[in-house]
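Colleague: Next up is a structure, given as structure tokens.
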Amino acid sequence: MQTYVPHKLMPWVTFGNDTVNLKAGAPAEVKLLYEKLKADMKKSYDTAFPKDGTFPKL
């Protein structure tokens with residue numbers, strides 16, 4: 001699963017090693033998009049690398 005990053009959010013975030021950070025001064029509307037993006041990224045990571053050691057079938 002690839003995570004979609006809304007265009008409105010792009011100027012307000014920075015990406016690192018499996019992380020995303022919100023820049024200071026971001027408007028409230030962008031903060032909601034940021035929280036959704038973080039949740040989607042976590043879901044993608046947890047799907048790709050389950051904690052129980054099993055891997056999804058491709």
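The values are calculated or read from the model by the stated rules, or taken from the named source; none is laboratory data. This one's a predicted model, so the numbers in the text were calculated from it and none came from an experiment. We place every Cβ from the backbone using ideal geometry, glycine too, and count neighbours over all the protein chains shown. Remember, those area values only see protein heavy atoms, side chains included, never the ligands or the DNA or RNA. Shrake-Rupley method; radii C 1.70, N 1.55, O 1.52, S 1.80 Å.
Colleague: Free of Cβ contacts under 8 Å to residues at least 12 places away in the same chain and open to solvent by 80 Å² or more (accessible area, probe 1.4 Å), is that true of Lys38?
Modeller: no
Colleague: Out of the stretch 1-22, which residues are open to solvent by less than 70 Å² (accessible area, probe 1.4 Å), farther than 21 Å from Ala48 by Cβ and assigned to a loop (DSSP other than H, G, I, E, B)?
Modeller: Within the stretch 1-22, Pro6, Leu9 qualify.
Colleague: Quick test of your reading of the structure: Gly25 fulfils all but one of (1) open to solvent by 90 Å² or more (accessible area, probe 1.4 Å); (2) on the phi > 0 side of the Ramachandran plot; (3) at pLDDT 85 or above. Name the failing condition by number.
Modeller: The failed condition is (1).
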